[in-house]
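K.L.:
Let me give you the structure first, and then I'll get to my questions.
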Amino acid sequence: MKEKSPPNELAYQYGRTAQHPANQRKIAEIAYGNRKELGNQGGEDGWRFKGRGLLQITGRENYGKIQEQIDQQAPDSGFNVFTLAINEKGYTPYQAALTGMADWYKDKMYVKADETGKFSDDGIVENIIEILNPGTTELSKNKRKVWYRGGKEGKLSVAVENSTKVLFKVAECGKVDEPLSFSEGRAPWMETAIQEIINYGGKHEKAIDKRIREYHKAGGLSGSGSKIARCASFVSWCLENSTPKFESPHSASSSIFFNHSTLEPCEAFFGAIAVFSDCYSNGKMKGSGHVTLVYGRLLDKNTYIGLGGNQGNMITLSPNYKFDGSTFYSYTEKGVKIYKKLRGFFKPKGYVIKEEDKLNKNDEYATINEANKKLNQKTQDTSKGESSR
């Protein structure tokens, strides 16, 4: 039997030695340029949208999803993955970390990561791999487990002190009790609203102007920023960006929420949309108002807590909203005291209030400080009023 001839020595060297470099650009264009599942459109897409960042995002479509998360989670970063791709630039360590963060949020990997301690180390790695790359082979999975916890797999040997788990000090990472579990399975738009207050809560409106412009798009005021009241835009945005999505009044005006076709009246529950009108001390309506989301009950003031996008010029939990129909002081405008009065509770039309949506003992807080602590927020001073302009 004739022996197989060895590969041509010169051909074998291409792509393997400095003297015979491969044409990496052309290889990427051929291999990935027309990969429709990656959203690539042929031509240079295979090279431009190659693997980048800590988690090696690949493909035009994935780049778009990553940019969407960067715009949501780090709106002030000034980082655009498409600009660098088109200009064929590499990432700085900061930018690489941003894309990793965005991927973490895009596929909600943090939910599985928060289960550290509930499952074995191998179980956590399995859960993350299932999200990140479900096509991973068993051999590769086993190696990743070794890198995470230490140990041996074939020729691979990783000392525990050199494992990812130890080097990244996983055991020392700050944890909260049942993170966000109080919203799981309840009014879906509240999970969206809660994530917004975690990311942007307590920051003055000017500092999050770029984010506010996103809210106003849902309020029908594209191009508007922090100078325009956005309580209604914020609620509209939360409804339109929840999972599943809900139709909203798509308005920046609180008064539109009274009789809009996308909403219907209801009783108070976790996530109910509370609509208020501004008025003067004599009860005469002023023409302006406010929209906030019911977050819980405040026992020391016998009021509900409102999670709003424009309370004291920021996203906060407010302790000041009375839900019994009585008027209460809100803020002072040009020396005149302005009051508020509840006009009603509303929910997305057709949404069925489930048993778990109803307010329960877990939604009761002794003080506003206790409620804010759960979301890692600083309590704002509202003793002199709280503008919702």
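The values are calculated or read from the model by the stated rules, or taken from the named source; none is laboratory data. Source: prediction; values computed, not measured. Backbone-built Cβ (ideal geometry, glycine too); neighbour counts: all protein chains shown.
K.L.:
Take N282 and decide whether it is assigned by TED's automatic domain parsing to the domain that holds F257 and out of contact with any Ser or Thr (no Cβ under 9 Å at 6 or more places or on another chain).
P.N.:
yes
K.L.:
I've got another one for you. Could you say which residue among K118, K165 is over 23 Å from T192 (Cα atoms), buried (at least 17 other Cβ atoms within 10 Å of the Cβ) and either out of contact with any strand residue (DSSP E or B) (no Cβ under 6 Å at 6 or more places or on another chain) or of a type in the set (V, I, T) (or both)?
P.N.:
K165
K.L.:
Starting from residues that are in a loop (DSSP other than H, G, I, E, B) and within 24 Å of the chain's Cα centre (by Cα), keep the ones in the range 156-175 and report whichever is nearest to N142 (Cα to Cα).
P.N.:
Here is the first cut: in the range 156-175, the residues in a loop (DSSP other than H, G, I, E, B) are 159, 163, 168-169, 173-175.
The next check asks that each one be within 24 Å of the chain's Cα centre (by Cα); those that pass are 168, 173-175.
Working: F168: 20, C173: 24, G174: 27, K175: 27 Å.
Going through the qualifying residues, I end up with F168.
K.L.:
May I ask you to list pairs of residues, at least six apart or on different chains, whose Cβ atoms are under 6 Å apart, with the first in the range 55-66 being under 18 Å from A97 (Cβ atoms) and at pLDDT 90 or above and the second being of a type in the set (A, V, I, L, M) and not in a helix (DSSP H, G or I)?
P.N.:
Close Cβ pairs satisfying both conditions: I66/I57.
K.L.:
Right, another one. Say we look at the range 280-314 and pick out the residues that are farther than 25 Å from I353 by Cβ and touching a Gly at 6+ places or on another chain (Cβ under 9 Å); which of these is modelled with the highest pLDDT?
P.N.:
Within the range 280-314, the match that is modelled with the highest pLDDT is M314.
K.L.:
Suppose the filter is in contact (Cβ under 8 Å) with a residue 40 or more places away in the chain, of a type in the set (F, W, Y) and closer than 17 Å to V235 by Cα; does F323 pass it?
P.N.:
no
K.L.:
Name the residue, out of F234, F276, F258, that is of a type outside the set (G, A, S), over 22 Å from the mean Cα position of the chain (by Cα) and buried (at least 24 other Cβ atoms within 10 Å of the Cβ). It would help to see each step written out before you state the result.
P.N.:
On the way: F234 fails: over 22 Å from the mean Cα position of the chain (by Cα); F258 fails: buried (at least 24 other Cβ atoms within 10 Å of the Cβ).
One residue alone meets the criteria, F276.
Rundown of residues vs (1) more than 17 Å from S253 (Cα to Cα); (2) of a type in the set (D, E, K, R); (3) in a strand (DSSP E or B), yes/no style:
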{"position": "T292", "(1), (2), (3)": "no, no, yes"}
{"position": "G296", "(1), (2), (3)": "yes, no, yes"}
{"position": "I305", "(1), (2), (3)": "yes, no, yes"}
{"position": "N310", "(1), (2), (3)": "no, no, no"}
{"position": "K337", "(1), (2), (3)": "yes, yes, yes"}
{"position": "F345", "(1), (2), (3)": "no, no, yes"}
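K.L.:
Considering only the range 50-113, give the helices (runs of 4 or more DSSP H) lying wholly within it that have at least 2 residues that are over 24 Å from I30 (Cα atoms) and within 13 Å of the chain's Cα centre (by Cα).
P.N.:
Correct list: 60-73, 93-106, 109-113.
K.L.:
I'd like to know if the range 143-152 contains one or more residues that are part of a helix (DSSP H, G or I), among the aliphatic types (A, V, I, L, M) and surrounded by fewer than 17 Cβ atoms within 10 Å (Cβ to Cβ). Reasoning before the result, please.
P.N.:
First pass over the range 143-152, keeping only residues part of a helix (DSSP H, G or I): 143-149.
Okay, now just the ones that are also among the aliphatic types (A, V, I, L, M), so 146.
Next, only the ones that are surrounded by fewer than 17 Cβ atoms within 10 Å (Cβ to Cβ) stay: none.
For the range 143-152, residues part of a helix (DSSP H, G or I), among the aliphatic types (A, V, I, L, M) and surrounded by fewer than 17 Cβ atoms within 10 Å (Cβ to Cβ): absent.
K.L.:
Moving to a separate point now. State which residue pairs qualify: first residue within 15 Å of T58 (Cα to Cα) and in a helix (DSSP H, G or I) and inside the range 23-36, second residue among the hydrophobic types (A, V, I, L, M, F, W, C) and at pLDDT 80 or above in any location, beta carbons under 7 Å apart, and separation of 6 or more residues or different chains.
P.N.:
From residues that are within 15 Å of T58 (Cα to Cα) and in a helix (DSSP H, G or I), the pairs are R25/W47; A28/W47; E29/W47; Y32/L38.
K.L.:
Continuing with the same structure: Starting from the range 185-196, take each residue that is farther than 17 Å from I305 by Cβ and list its partners that are part of a helix (DSSP H, G or I), counting only C-beta distances under 6 angstrom and pairs at least six apart or across chains.
P.N.:
From residues that are farther than 17 Å from I305 by Cβ, the pairs are G185/E356; T192/C238.
K.L.:
Scan K334, K358 and give me the residue that is loosely packed, with under 12 Cβ neighbours inside 10 Å and among the charged types (D, E, K, R). Lay out the reasoning, then the answer.
P.N.:
On the way: K358 fails: loosely packed, with under 12 Cβ neighbours inside 10 Å.
Result of the check over K334, K358: K334.
K.L.:
G271 fails exactly one of the following numbered conditions: (1) in contact with a strand residue (DSSP E or B) (Cβ under 9 Å, 6 or more places away or on another chain); (2) on the phi < 0 side of the Ramachandran plot; (3) in contact (Cβ under 8 Å) with a residue 40 or more places away in the chain. What is the number of that condition?
P.N.:
Only one criterion is unmet by G271, namely (2).
K.L.:
Y304 is checked against (1) closer than 17 Å to T382 by Cα; (2) without any contact (Cβ under 8 Å) to a residue 12 or more places away in the chain and fails just one. What number does that condition carry?
P.N.:
Among (1) closer than 17 Å to T382 by Cα; (2) without any contact (Cβ under 8 Å) to a residue 12 or more places away in the chain, Y304 violates only (2).
K.L.:
Further question on the same structure: Between a residue in the range 109-126 that is at pLDDT 75 or above and any residue that is of a type in the set (S, T, N, Q), which pairs come within a Cβ distance under 6 Å, given they are 6 or more apart or on different chains?
P.N.:
Between residues of the range 109-126 that are at pLDDT 75 or above and residues that are of a type in the set (S, T, N, Q), the close pairs are I124/T116.
K.L.:
When the residues of the range 168-205 are narrowed to those that are at pLDDT below 80 and among the aliphatic types (A, V, I, L, M), which ends up surrounded by the most Cβ atoms within 10 Å (Cβ to Cβ)?
P.N.:
Here the answer is L180.
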